[in-house]
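Read through the structure below, which is laid out as structure tokens, and then see the notes.
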Amino acid sequence: MHRLLLLASIVCINGILSAAERPNILFIIADDASRDSFGVYGSSYVKTPGFDRIAREGVLFTQAYNCNPKCAPARACLLTGRYSWQLEEACNHNPFLSEKWKFYPYLLEEQGYQIGYTGKGWGPGIWKNTDASRDAKSDNPAGHQYNDLKSKPPYAGISNIDYAANFEAFLQATAGGDAPFCFWFGTKEPHRGYGLDNWKLDGRDLADVKVPAYFPDNATIRGDLADYAIEVEWFDEHIQRAIGHLADSGKLDNTLIIATSDHGMPFPRVKGQIYDDGFHIPLVVRWGDKIKPGRNVTDFITFPDLAPTLMEVAGVESHPQMTGKSFLPQLLSEKSGRLDATRNHTLLGKERHDIGRTDGELLSVAYPARAIRTDRFLYVRNFKPDRWPVGNPELGLLNCDGSPTKSYLTKLASDSVEYVYYEMSFGKRPAEELYDIEADPDCVKNLATAPEYAVVMAKLWTQLQTELEEQGDPRILGQGDIFDFYPYSKIDRQQKLYEKPDYDPVRIFESKFAE
């Protein structure tokens, strides 16, 4: 079936390229927006007509995943077409990103595409860009920067970058000639911080807010979620404006529009964590009459699949570094449901996200985990369960953004009936976790110790281990400690946190792993 779909896609794309210009590409990505915060995924208290329109006029993917639920590694997977554990230093958050990696926008630029980005591209971290043809200050792995145009945001905490206006400026700047474009449209919302109680200024009703099972239900949590909802809607407003600019320029129907988010919302137990709300992301795609509208596809799609898909869409051979698999057949099919029986699971993982975790004399170490997600189950293997998963408590639990929700949970007394919520977000975790997603979508009931699931767990671990070995994952091959030593790029921040002014992670890495 997959071979038939692939053959059909090749015939279709070749027909497209011979009959008209190569398609434009608009990639829209939110910063920290959960999948269930969009109307087409069931949200009732966040209104997202722009995102929902793309789904209505195109295809909605129900099983899309980010590979590694933190900004820098997730975006590195998107741009390189590689799984996180295949990206060396870029598996970690805030790394020194090597120039050895090829990024799909520049590969397309070499083939005649005009490229640009607005807002947030790849990051945070430091890109070791030594290419003389690129501007070290304004270029990013996502493209050439368009961030000059500003606007007054409606509330505190929202960026003043006018993303839609910058996209319009890009369209105008590249209007001459026949070259197609590839544009990365990355908002900084709904990343923290938020203006406290913006929801009051916006006239919202906290009764409308839905609270996940891993949080206590109270006004503090509801208010925080309502403030978050405002920023998701700001992201959606810019989607609507961007679509309008495409329509005004006559380019809407020959533009492949992809909208997604890098990972889940910036709340405890979500962002940066290997639970479904952290890594199960929204994904919708529109492409004029090339995509049959109103379809829902259940094939598993992961961030490394994006780059090879866009290369194929553009009629360009996929780069050898790319290990993801194009999902162009899923875009061009007229069917819904599971189209490729082999796309029935995905692999996930993380190493070091933020600083603030120690292990003896080692500083800024990882919390290594790998997972496999199927239609029904999530199986997680935590390789260092003695370490704090969200960072050491005495150092601030730094792999969790500051927020009213975090403050509420960390102030709970250990004898409080609500302390279980603190433990779910910040406590140590067992070596193995298993969740029945159908019965427990919020992942609050770990089934790993239940005897009736022993066979399921063994099967999932074998599959996870086998596939990671095939992909050359250092963690599985016994070389995973290298992830502890890849330098976190904000060195002065670490020196201050650990009160070690001479701490130099670059020197430590080079001395330990010198060739």
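All of the numbers you see were taken from the coordinates with simple rules; none came from a lab. Please read these numbers as outputs of a predicted model, since none were measured by experiment. No Cβ is skipped: glycine too gets one built from the backbone with ideal geometry, and neighbour counts run over all protein chains shown.
Backbone amide hydrogens, once placed in the peptide plane, bring residue 28 within less than 5 Å of 185, 258, 259, 260, excluding anything fewer than 5 places away on its chain.
How do 271, 350 line up, fewest other C-beta atoms within 10 Å first? Could the numbers behind the result be given before it?
Values: 271 24, 350 29.
By the 10 Å Cβ count, ascending, the order reads 271, 350.
Between residue 412 and residue 465, the contour length at 0.36 nm per residue exceeds the Cα-Cα span by 15.3 nm.
Take 174-185, 441-452 and order them by the average number of nearby Cβ atoms within 10 Å per residue, most first; the result is 174-185, 441-452. Pairs exceeding a 23 Å alpha-carbon distance, out of 102/128; 251/292; 350/490; 70/325; 406/500: 406/500. Applying 1/(1 + (r/R0)^6) with R0 = 45 Å to the Cβ-Cβ distance of residue 155 and residue 458 gives a FRET efficiency near 0.35.
Take the Cα of residue 219, step 7 Å toward its Cβ, do the same at residue 375, and the gap between the two points is 4.6 nm. To the nearest 0.05, how large is the calculated FRET efficiency for residue 341 and residue 498 if R₀ is 51 Å and r is the Cβ-Cβ distance? With a Förster radius of 51 Å, E is 0.55. The slack in the chain from residue 289 to residue 436, taken as 0.36 nm per residue of separation less the alpha-carbon distance, amounts to 49.1 nm. Where [x] -0.48; [y] -0.26; [z] -0.35 are the candidate values, the label of the one calculated here for log10 I(q)/I(0) by the Debye sum over Cα atoms at q = 0.06 Å⁻¹ is [y].
For the chain, the antiparallel share of DSSP beta bridges with both residues in that region comes to about 50%. Per-residue Karplus couplings for the range 38-43, computed as 6.51 cos²θ - 1.76 cosθ + 1.60 with θ equal to phi - 60°, are listed in order as 10, x, 5, 9, x, 5 Hz, Gly and Pro entered as x. Using 0.36 nm per residue and subtracting the Cα-Cα separation, the extra length available between residue 111 and residue 491 on full extension is 133.0 nm.
If you line up the long axis of helix 2-19 against the longest principal axis of the chain, both from Cα atoms, how many degrees apart are they, to the nearest 10? With both axes taken from Cα atoms, the answer is about 40 degrees. The charge dipole of the range 88-177, taken about its Cα centre with unit charges on the Cβ of Lys, Arg, Asp and Glu (plus for the first two, minus for the last two), comes to roughly 240 debye.
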